[in-house]
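Quick notes on the structure that follows.
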Amino acid sequence: MKKLDPVSLEIQWKRLVSMVDEASAAFVRTSFSVLVREANDFAVVLTDAQGRSIAQSVLSIPSFIGTLPATVKHFLARFPPHTLKPGDVMITNDPWMGTGHIHDVNIAMPIFHKGRIVAFAAVVSHMPDIGGRIRNAGIRDIYEEGLQIPRLKLLNAGKPDQNLLDMIGRNVRVPEQTLGDIWAQIAACKMLDERLQPLLRDTDLAALGGEIRARSEAAMRKAIRAVPAGTYHAQTQHDGFEEPILINCTVQVKGDRLAIDYTGSSPQVPRAVNVVPIYTFAYSAFAVKALLCPDVPNNEGSFMPISTSAPLGSIFNPRYPAASGGRGMIGHMMVPAIMMALADVVRERAIAEGSSNSSITVTGEHQGRPYAAVNFMNAGQGATGHRDGYTMLSFPSNLSNTPIEIFEQMAPVRVIERSIRRGSGGAGRHRGGDGLHFEIEVVADTPMMASMIMTRFRTAPQGIFGGAPGKVGGLLLNGKSIDPADHWVLKKGDRVVMETAGGGGCGAA
Amino acid sequence: MTAGKTKVNRIRIAVDIGGTFTDGLAVIAPGGRIWVSKTLTTPHDPGEAVTSVIADLLKQITAARRAAKPHVTEVVHGTTLVTNTLVERKGARTGLIVTKGTRDVLTIAREIRYDLYDLNLEIPQPLVAEDKRLEVDERLDAQGNVVTPLAAAELDRLLDSLAGLDVAAVAVCLLHAYVSDVHEKQIEAAVRKRFPRLAVAVSSGIAREIREYERMSTTVCNAYVQPLVAEYLNRLDARVHDLAPGAPLRIMVSSGGFTSGKAAAETPILLLESGPAGGVLSALNTARNNGIAEILAFDMGGTTAKACVAVGAQPLIAHSFECARVSRFKRGSGLPILMPSIDLIEIGAGGGSIAHVNNLGLLNVGPASSGAVPGPACYGLGGTAATVTDADLMLGYLNPDNFLGGEMKLRTDLARTALAGLAAELKLTPTAVAWGICNIVNENMAAAARIHIAEKGHDPREFAMVATGGAGPVHAVEVARKLRIPRVLATIAAGAGSCLGLLAAPARVDRSWSNPTLVAEIDWGKVAQVYGELRADAEDELKSAGARDVTLKWRIGAEMRYAGQGHNVSVTLPWRNVTSALAPALIREFERCYRRFYGHLVPNATPQVITWRLTGCSVVKRHKFAWGDARVSAQAIMRGKREIYLPLKQKFGAVTVYDRYSLKPGSRVAGPVILEERESTLVVPVAADVKILPDYTVAVTIREFE
């Protein structure tokens, strides 16, 4: 193969990314999962023969940074290369080897060229259902969460393992949809294989992957080198359940390496909010990428200079059988924590704290028919030295609100007001973004079950450089404060007000 | 000369205002001969360029056909005026009337980020300031029942507040107005009565679809451009009347049809994508004339490149899109518009895309563009950055003396200087950089098209590519090779492609009505009544656009899903009486479409209709066009040989250059070859069979892939 010049490399690379994106577009189109279609809760990755990533689908959310290549390596440890045959497809949803909760199913398939494995196609996707209890923060251990699939071969030389398929089908609520999505994942892997074959004729994928990783790694190292060396610290907390959950983060910048340690954070909890190391890494790496080098591509090279650690048994490194279905509730808070830790040294890019999304889910029966509807709501985000914080923007996940008209079509509620909670953002030279004021009236003819997920209910998002904190969120039933951790039964005429927190300000006002 | 010998030529004229040029095209019947005209767009008064183009066309025709008396039967118009007004935020001061409790909906929008990694996103600002939004105490429920009536005193209070707003236009968008327009109608009537000069747009009249933010955004955009567009169309009508008395003015709309000037003035948001829609229709007309039904329309100009998939000779239609994006290539960064539109995607910034070295040390092209001014370095208008056009010139694909038929001389020296800078930075030869730019931009466009095609559930290899736009035929063969599309067609008059499309367009109207209901529970009497109203209204509009009853085709559409799902599947049926007998046909068609998209059905799920649609269209005819001026000659003219870069040989080689229109239908030449015409150049840099079809379309069958 001829040496890769800056033009050929760009072309080959672009083509690989476009193949991955083509497979991902085909996958999204055929997926049953609303989270896949509305929130891009999936990823498609092409790795080399050792499971090192070369290209990842562009649309995927940050949860999947670095996870799939690690999963492929776990597959390889269980099924060494010499045991793999063309047409083999492997599957697992082990949170520690996958993406941090069992709702994501990982699929990987070896790609052969001239009888040798040259690559892996891998797809991870949030399933429409995985059995167990409906995802909820109150779940105590992984057994309650649903079906666990260890590393197994789903297809053996192209032949499906019908026992395994039957087993999965019997354990989920919507077997056609869950199995349908798994088949769509396999189809995406096959499409990637087919698209890659012509390229393999005259391209050394290992060399190409090596060059891509090297360039990406160099860009990230360069970005880290621009940060003054030192050890930086930040602490924040989640409202928690019986008591708050502490997030303690220490960022060490040493030359062109950046290490994040979570020692001092709370121990793991018997709730579904534990964050396994692979997810701890994914969201930490997202924070570093967004803060220091947003243009760096999503591949293993970019994240080589970054490492994360947390003591075993802590909230960021829990022991089996910890539950982790709602890992994002705590995991999302790593992002502002890292940004706060680095605020003083990257002042130009520093952002005050904001908060992640809240939601209300209502279920019941109205006029003889069951209903279930969820409305996500977002909060104010933190200010920077250049601008005010965003009013109600989803961060760091990316979930849109439910239109009032859709919410009222789906459930017997009337939205009285959806407005900006003016003045809730922290004061400062630049103000924190405002949160939401959302008020509904129940119009159901029988009792309505309501479950609210609220965050930043007790702990306000902090400002930076002298900016004031934002206001905490609030939850009122008929004018009285109520606890979001409880389940509530609402009756006709009840009014619920949900207020999300404002973001922190930047600079003294 | 006796009266009997005077031949009356019926002439139809199309004028398309683009970012840089205003193109005009006249076709004469019988015979389908065409003339083209081109002039610089006149942004201070866009109608000026329209006038000069029409005048020039009439002059050309009169000169060519002395004996005949030109009679203009219609003028079809496409314009970027609406798009530009929204992008530049130059519309009217606009007010907004909403249901109590929803004043902030326009600001809150959907709360999602269009780029996950950009911490400093620019959020598109609403077109109506917060202090120009009025809440009114009224309420409907999701079934359209009145929960809080609109009291007379409340309406008076609203009108008084409106009087104090100092606005030239007002949008009205109330909750659940997609299912019942009762309160919106009351407000509209009261506003029109008290403020007869105010432009009014009501959501139930503009986009009767569920989702309040998107409907509000659409209604606001419409109100915002209404005064300006109404004035523009009025003046244009007068201008056309002066040049061609009695010729009605038809306006091209985004969905790929035309409507009357009156309808366009009332719902100007329909015009958003009118020019690009014309390009697609032109490609489709060419494909139809040659018996091809599955195409990828590829249009590349100086500032934009677009692609569109057409299946069964029909372009795909999207029912929502975005305008005025703050980040050009990022989905979600614009203002949502709920309007049927030909499903075009922007796949690049065209010939003006600028090349640079990125932070990984690699050559990149775009998304930054030199625009029309200063343009590529070789234009000699002050641009210094190397662009795709500069690379095309260096590679021999463009003839410096034949740009716009030689009117604009391209400066090879300036292109070389611009490329030399990059070459030094990358330690490559200028030729390697030039080919790199060309190859990368082709790869980028192919990648964007590939993903778009996959989203629509197709395989690129099923399609033929039809190239339009000035730069389309220059890049088409290479982009097709990357997509493994075996066949490329180059239409005639590629440079004025949108205009040919405007003349091939049918009259078309679209109406919609959201009323989410399980199919089993549909109140067919009510649906029939609404369809009756929609159709009567649509017929009026089509008649005012000059369509006749006998030639109209009506289609019933429904956006359907299984209850509880988040995405719709579009179902379309030919018109039939709306009764409960429609239900089984609707479900059958839904299941057929669902199976095609998702592979299989969802057992035990309940189908639901979210939005009803009605489309009326005059029958699409095949239009045969042929040059009216003296381009076509009796024998093939070889303009000699030119050194061009041959990508598979990775070196320059001499290829034959033909004057495109000197090649008669039926002739065949072999690639590599170049076919030049006044407005464009067809570059075939690899082995291929090149054939001239009966309508002078060039068909390239590619023989070499990678």
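State whether one or more residues within region A:360-383 are facing another protein chain (nearest Cβ under 7 Å) and on the phi < 0 side of the Ramachandran plot. Within region A:360-383, one or more residues are facing another protein chain (nearest Cβ under 7 Å) and on the phi < 0 side of the Ramachandran plot.
Meeting the requirement of 3 or more residues that are open to solvent by 30 Å² or more (accessible area, probe 1.4 Å), on the phi > 0 side of the Ramachandran plot and touching a strand residue (DSSP E or B) at 6+ places or on another chain (Cβ under 8 Å), no helices (runs of 4 or more DSSP H) wholly within region B:463-565 can be named.
Against the numbered list (1) within 14 Å of chain B (Cβ to nearest Cβ); (2) part of a helix (DSSP H, G or I); (3) among the β-branched types (Val, Ile, Thr), residue A:203 comes up short only at (2).
In summary, residue B:292 fulfils each of the numbered conditions (1) modelled with pLDDT of 90 or more; (2) open to solvent by 30 Å² or more (accessible area, probe 1.4 Å); (3) in a loop (DSSP other than H, G, I, E, B) with the single exception of condition (2).
A search for C-beta distances below 6 Å between a residue of region B:525-552 that is more than 14 Å from residue B:512 (Cα to Cα) and any residue that is open to solvent by less than 50 Å² (accessible area, probe 1.4 Å) and part of a helix (DSSP H, G or I), counting only pairs 6+ apart in sequence or on different chains, returns B:541/B:263. Can you name the residue in region A:277-304 that is assigned to a loop (DSSP other than H, G, I, E, B) and buried (at least 24 other Cβ atoms within 10 Å of the Cβ) and, of all such residues, is farthest from the other protein chains (Cβ to nearest Cβ)? So, considering only residues that are assigned to a loop (DSSP other than H, G, I, E, B) and buried (at least 24 other Cβ atoms within 10 Å of the Cβ), the one farthest from the other protein chains (Cβ to nearest Cβ) is A:299.
For region A:188-201, state whether one or more residues are surrounded by fewer than 15 Cβ atoms within 10 Å (Cβ to Cβ) and farther than 23 Å from residue B:455 by Cβ.
yes
Going through (1) under 26 Å from residue B:205 (Cβ atoms); (2) of a type outside the set (A, V, I, L, M, F, W, C); (3) at pLDDT below 85 one by one, residue B:371 falls short only on (1).
Going through (1) crowded, with 24+ Cβ neighbours inside 10 Å; (2) in a helix (DSSP H, G or I) one by one, residue B:307 falls short only on (2).
Select, from A:258, A:246, the only residue that is out of contact with any Lys or Arg (no Cβ under 8 Å at 6 or more places or on another chain), in a strand (DSSP E or B) and under 17 Å from residue A:65 (Cβ atoms). Talk me through it step by step, then tell me what you get.
Values: A:246 fails: under 17 Å from residue A:65 (Cβ atoms).
Testing whether each residue is out of contact with any Lys or Arg (no Cβ under 8 Å at 6 or more places or on another chain), in a strand (DSSP E or B) and under 17 Å from residue A:65 (Cβ atoms) leaves just A:258.
One residue alone among A:236, A:178 is under 30 Å from residue A:454 (Cα atoms), out of contact with any Lys or Arg (no Cβ under 8 Å at 6 or more places or on another chain) and assigned to a helix (DSSP H, G or I), and that residue is A:178.
Criterion applied to A:365, A:348, A:353 was being open to solvent by less than 10 Å² (accessible area, probe 1.4 Å) and of a type in the set (Asp, Glu), and the one residue passing it is A:353.
Based on this model, can you work out whether residue A:88 counts as within 30 Å of residue B:436 (Cα to Cα) and charged (D, E, K, R)? No.
Just to check your reading of the model, which residue among B:663, B:675, B:682, B:693 is under 14 Å from residue B:490 (Cα atoms) and either within 14 Å of another protein chain (Cβ to nearest Cβ) or surrounded by fewer than 18 Cβ atoms within 10 Å (Cβ to Cβ) (or both)? Can you show your working first?
On the way: B:663 fails: either within 14 Å of another protein chain (Cβ to nearest Cβ) or surrounded by fewer than 18 Cβ atoms within 10 Å (Cβ to Cβ) (or both); B:675 fails: either within 14 Å of another protein chain (Cβ to nearest Cβ) or surrounded by fewer than 18 Cβ atoms within 10 Å (Cβ to Cβ) (or both); B:682 fails: either within 14 Å of another protein chain (Cβ to nearest Cβ) or surrounded by fewer than 18 Cβ atoms within 10 Å (Cβ to Cβ) (or both).
Only one candidate passes the filter, namely B:693.
Residues in region B:116-134 that are surrounded by fewer than 16 Cβ atoms within 10 Å (Cβ to Cβ) and within 11 Å of chain A (Cβ to nearest Cβ): B:118, B:120, B:122, B:123, B:130.
Residues of region A:73-99 that are out of contact with any strand residue (DSSP E or B) (no Cβ under 9 Å at 6 or more places or on another chain) and either of a type in the set (A, V, I, L, M) or at pLDDT below 95 (or both): A:77 alone.
Among the residues of region B:204-225, how many are more than 11 Å from chain A (Cβ to nearest Cβ) and either over 20 Å from the mean Cα position of the chain (by Cα) or open to solvent by less than 20 Å² (accessible area, probe 1.4 Å) (or both)?
So the answer is 13.
Within region A:384-405, the residues that satisfy the criterion of being free of Cβ contacts under 8 Å to residues at least 40 places away in the same chain, at the interface with chain B (Cβ under 8 Å from one of its Cβ atoms) and either under 17 Å from residue A:497 (Cα atoms) or within 25 Å of the chain's Cα centre (by Cα) (or both) are A:394, A:401, A:403, A:404.
When only residues in region B:575-606 that are touching a strand residue (DSSP E or B) at 6+ places or on another chain (Cβ under 6 Å) and outside any helix (DSSP H, G or I) count, which is farthest from the other protein chains (Cβ to nearest Cβ)? By that ranking, first place goes to B:575.
Given the criterion without any contact (Cβ under 8 Å) to a residue 12 or more places away in the chain and either away from every other protein chain (no Cβ under 12 Å) or more than 16 Å from residue A:216 (Cα to Cα) (or both), identify the matching residue among A:49, A:70, A:77, A:23.
Numbers: A:49 fails: without any contact (Cβ under 8 Å) to a residue 12 or more places away in the chain; A:70 fails: without any contact (Cβ under 8 Å) to a residue 12 or more places away in the chain; A:23 fails: without any contact (Cβ under 8 Å) to a residue 12 or more places away in the chain.
Step by step, each of A:49, A:70, A:77, A:23 is checked, and only A:77 is without any contact (Cβ under 8 Å) to a residue 12 or more places away in the chain and either away from every other protein chain (no Cβ under 12 Å) or more than 16 Å from residue A:216 (Cα to Cα) (or both).
Within region B:341-360, can you find the residues that are without any contact (Cβ under 8 Å) to a residue 24 or more places away in the chain and more than 19 Å from residue B:442 (Cβ to Cβ)? So that I can check it myself, show each step before the final result.
Step one: of region B:341-360, the residues without any contact (Cβ under 8 Å) to a residue 24 or more places away in the chain are B:358-360.
B:359, B:360, listed by residue number.
When you go through (1) under 30 Å from residue B:216 (Cβ atoms); (2) surrounded by fewer than 19 Cβ atoms within 10 Å (Cβ to Cβ); (3) out of contact with any Cys (no Cβ under 9 Å at 6 or more places or on another chain); (4) not basic (Lys, Arg) one by one for residue B:312, which number turns out not to apply? Tallying (1) under 30 Å from residue B:216 (Cβ atoms); (2) surrounded by fewer than 19 Cβ atoms within 10 Å (Cβ to Cβ); (3) out of contact with any Cys (no Cβ under 9 Å at 6 or more places or on another chain); (4) not basic (Lys, Arg), residue B:312 fails exactly one: (1).
Taking the condition of a type in the set (A, V, I, L, M, F, W, C) and either over 24 Å from the mean Cα position of the chain (by Cα) or part of a strand (DSSP E or B) (or both), does residue B:13 pass? Spell out how you get there, then give the answer.
Working: of a type in the set (A, V, I, L, M, F, W, C): yes; either over 24 Å from the mean Cα position of the chain (by Cα) or part of a strand (DSSP E or B) (or both): yes.
So residue B:13 fits the description; yes.
Just one residue in the set B:381, B:428, B:422, B:398 is in a loop (DSSP other than H, G, I, E, B) and within 14 Å of chain A (Cβ to nearest Cβ); that residue is B:428. Can you find a residue that is away from chain B (no Cβ under 14 Å), of a type in the set (Ser, Thr, Tyr), closer than 23 Å to residue A:240 by Cα and surrounded by fewer than 23 Cβ atoms within 10 Å (Cβ to Cβ) anywhere in region A:441-457? Within region A:441-457, one or more residues are away from chain B (no Cβ under 14 Å), of a type in the set (Ser, Thr, Tyr), closer than 23 Å to residue A:240 by Cα and surrounded by fewer than 23 Cβ atoms within 10 Å (Cβ to Cβ).
Every condition in (1) within 23 Å of residue B:495 (Cα to Cα); (2) under 27 Å from the mean Cα position of the chain (by Cα) holds for residue B:365 except the one numbered (1).
Would you check if there is a residue in region B:452-459 being without any contact (Cβ under 8 Å) to a residue 40 or more places away in the chain and either surrounded by 20 or more Cβ atoms within 10 Å (Cβ to Cβ) or more than 7 Å from chain A (Cβ to nearest Cβ) (or both)? Yes: one or more hits.
The values are calculated or read from the model by the stated rules, or taken from the named source; none is laboratory data. Quick caveat, the model's predicted, so the values are computed rather than measured. Virtual Cβ from ideal backbone geometry, glycine too; neighbours counted across all protein chains shown. Only protein heavy atoms, including side chains, enter the accessible area calculation; ligands, DNA and RNA are left aside. Shrake-Rupley method; radii C 1.70, N 1.55, O 1.52, S 1.80 Å.
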